């Protein structure tokens, strides 16, 4: 079995595969412990109702569907929410140092888009702590050789047999620059999100979406690409936008700006039912309105205050220490004393490779799990559901891969030719990139890509801007052919893999942009002022993009709303309870 | 402290490959407020021309999260081993001097091979021996006090700074170093992890183990996460002594 990606989803998959008796080859561009999951801060949702608030997995399910503006297929989301308590308990057994109550139980805090304390957390570096726990379990399997790691390897493509089934992968060794091929009964992509397409985001350097884009170009369908989450509170920076977790508001932090010489808590005024804990798309649009429409950014700058200075510093250190340190180190001010200056930043892709409920992509034998697939978050992800979906999806995809391998007809095993051909094709692409010459600059092209995508394909989308962006994307791809790499060496050449990534990012950027152009409505994170309402009759549909040489071809699929009837989504008033259809046959949670 | 300057001067110790001879190269890049070393390196990468006007290859370095939680971007900056993402130009002298960490074999330029650290985690069995990933209910209860101790130890990002500053860790020595030792303590403090406590301690009795610590205390001073590494080592020493006496008595 091959797992590509060593973040939470990939490690969860590798662990479950090894436990199921498979031998696993785990690919990652970085030592897996350094994957982007470390950046997740606030926590992981599980409705265990340890605060006596009457929370339930059903309520978690309803909040998630409602928060996602009804775009997610409901049955897998229900399964995820039902599995959440078991997943958090499993992590607890693995030794994750979750914060505790006085009785020694797991502590839970509030997060956006819910009224319950549902988020388990380890300080404000929960993602780091969860990935370490999974990294440790995978290392345990590494000792007897059940898992072998191929770190410093970049996924280039899948290898398909004559019947179109995925039978392995082609990878680039980032040290020797050799192209290698590897066979597998099944391949699980767990390669994360595409934040780098937007230039600066809260994502890590390796979150380019390149692997998913490569699979897409080999026939895997991409789902709901246009749904990109912009997190309301990040610290602007030249190299990246550093996240200031929603947990700051979960612990009582308030967002404000100055109006008429006084603090104005606009989220609390506009959304009295949820206040500072409205979902991210809502908070982000509110901040945009304050800054750009009302001209009330702090000191005339694109910034508002995120304020925790009224909270006891001892509690802050215990529950939010990790993020406050980030603010202190990078901004040089103490948020225990002064309000933080923040602004929205691209954060997460709800869209990703289309998968069926068991995580198989449209290419048989190729699975996807985690942020690189589209399944759990609809049009907007609720905070602290990402870590959950990564682990749930990783484990479920591993179960599917094991079942797939069992039923595999190996008589039609791919001829070696499929591997030789794919290797030759990828080596030729490398040679083409290394031979590029001309007056263009690939770093400049990446910068312009980020600026265009951020300006036109994030918070506020207009059709003329989207059209112009798509034209630009085509132009960028053309310019890239004339952008020499500046390093043609064959030893730890970092420009070559970035150039390959950038080729793929431009392809995926078109899927995102054209998906947004076509969707004439507003839903979750996708907002068009010219089409301000959600339009269920026309657009309660999953976007499915297929690659063609002429660009993405789109088709649409009905959303499975069999469990909760779609209703208007509002956060200024209390949420009406969802009409829940009788439960379908309960799927085994994490089992 | 603000160190605004007309431009940023950077000296980098370059090395093309593990066996190649290192060389210094100097660059000048545009100054902007709030730059960090990563951004300066990116400027150089985009325009890799030395102060002498010679076009060279773009320097290479490791980085990922850029917010000091992944541990990738460690290097020696003006003589101090640290993360380059949180090294702000406004707080650094001119020129900025960048070198790879010397304890580890250089792969290329500022990239070093830290695989010995991950191998050490295997040696100390840095994991909780769970029975399986199936549903077995919650883990053991823990006090807030224990959680705080364990959380701090668990923020170790295997960045290598503690090994770089340790006089006992060299490319030749077997000493596992403070990071792995502190991880052994982390797992010994968990009720389930403690079931393997003796094995962990015994694994640290032999060559390259606890006895190799020279108590210079450099590690604890250099750790970017403020992990009480020397407290961990003292704790393991104490536990190790108890175990040794017990082994002696029960022969």
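Only the coordinates and a few stated rules stand behind these numbers; no lab work does. Keep in mind that this is a model prediction, so the values were computed, not measured. Here Cβ is always computed from backbone atoms with ideal geometry, including for glycine, and neighbour counts include all displayed protein chains.
The reciprocal of the average 1/r between distinct C-alpha atoms defines the Kirkwood hydrodynamic radius, which for the range A:127-276 equals 19.5 Å. If you fit an axis through the alpha-carbon atoms of helix A:495-518 and take the longest principal axis of the Cα set of chain A, what angle between them do you get, 0 to 90°, nearest 10? Rounded to the nearest ten degrees, it is 60. Remark: the Cα gyration tensor places the range A:366-427 in the oblate category, a/c being 1.5 or greater and a/b not exceeding b/c. Using equal-weight Cα scatterers in the Debye expression, the normalised intensity of the range B:1-82 in log10 at q = 0.18, 0.19, 0.25 Å⁻¹ is -0.87, -0.97, -1.47. Measuring nothing but alpha carbons in the range A:193-305 and taking Rh as the Kirkwood radius, the Rg to Rh ratio lands at 1.06.
In the range A:312-366, the C-alpha radius of gyration followed by the widest Cα-Cα span (Dmax) gives 19.8, 55 angstrom. Partner shielding of A:326-335 amounts to 3, given as the average count of beta-carbon atoms from other chains within 10 Å of each residue beta-carbon. Shielding value for A:314-324 is 1, the average number of Cβ atoms from other chains within 10 Å of each residue's Cβ. By the count of neighbouring beta-carbon atoms within 10 Å, fewest first, B:173, A:522 end up ordered B:173, A:522.
For the range A:52-170, the C-alpha radius of gyration divided by 2.2 N^0.38 Å, with N the number of residues, is 1.41. How far, in degrees from 0 to 90, does helix B:178-188 lean away from the longest principal axis of the Cα atoms of chain B, to the nearest 10? For helix B:178-188, the angle is close to 30 degrees. Straightening the chain between residue A:301 and residue A:533 buys 80.6 nm, computed as 0.36 nm per residue apart minus the Cα-Cα spacing. Here the calculated FRET efficiency for residue B:115 and residue A:553, from their Cβ-Cβ distance with R0 = 51 Å, stands at 0.70, rounded to the nearest 0.05. With the convex hull constructed from alpha-carbon coordinates only, the range A:254-372 shows a mean projected area of 10.8 nm² over all directions. Shape analysis of the range A:309-419 places it in the prolate category; the axes a ≥ b ≥ c from the Cα gyration tensor give an a/c of at least 1.5, with a/b above b/c.
Distance between the C-alpha centres of the range A:422-479 and the range B:1-28: 30 Å, rounded to the whole angstrom. On the beta carbon distance between residue A:268 and residue B:26, with R0 = 56 Å, the FRET formula returns roughly 0.55.
Using C-alpha pairs below 8 Å separated by at least 6 residues, the relative contact order for chain A is 21 percent.
Counting only alpha carbon atoms, the long axis of helix A:442-456 and the longest principal axis of chain A meet at about 40°.
Geometric descriptor of chain B, per residue, is 163 Å³ (volume of the convex hull of the Cα atoms). Partner shielding of A:30-38 amounts to 6, given as the average count of beta-carbon atoms from other chains within 10 Å of each residue beta-carbon.
With both labels modelled 7 Å from their Cα along Cα-to-Cβ, the residue A:417 to residue B:5 distance reads 6.2 nm.
Considering only B:142, B:180, B:221, the mean-square fluctuation computed in a Gaussian network model of chain B, springs between alpha carbons under 10 angstrom, is largest for B:142. Over all Cα atoms in the range A:388-500, the spread is summed up by Rg and Dmax: 20.6, 53 Å. Ranked by the mean number of other Cβ atoms within 10 Å of their residues, highest first, the peptides B:131-138, B:8-15, B:231-238 come out as B:8-15, B:231-238, B:131-138. With bins 5 Å wide beginning at 0, the percent of Cα pairs of the range B:57-102 falling in each bin runs 5, 22, 31, 26, 15, 2. Over the C-alpha trace of the range A:443-591, radius of gyration and Dmax come out as 20.5, 62 angstrom. Exposure proxy ranking for A:404, B:190, A:347, B:7, based on other Cβ atoms within 10 angstrom of each Cβ and starting from the fewest, stands as B:7, A:404, B:190, A:347. With helices as the sole contributors, the protein assembly as shown gives -10500 deg cm²/dmol at 222 nm; each DSSP H run of n ≥ 4 counts as -39500 (n - 2.57), and the sum is divided by every residue.
Packing, taken as the mean count of other beta carbons within 10 Å per residue, orders the peptides B:29-39, A:220-230 from highest to lowest as A:220-230, B:29-39. What shape does the protein assembly as shown take by its C-alpha gyration tensor, where a ≥ b ≥ c are the square roots of the eigenvalues and a/c under 1.5 counts as rounded, a/b above b/c as prolate, and the rest as oblate? Because its axes are fairly even, with a/c under 1.5, the protein assembly as shown counts as rounded. Taking label points 7 Å from Cα along the Cα-to-Cβ direction, residue A:546 and residue B:47 give a separation of 4.7 nm.
Here residue A:338 and residue B:249 are evaluated by their C-beta separation; at R0 = 41 Å the FRET efficiency comes out at 0.10.
In the range B:172-229, the convex hull through the Cα atoms has an average projected area of 4.4 nm², a quarter of its surface area.
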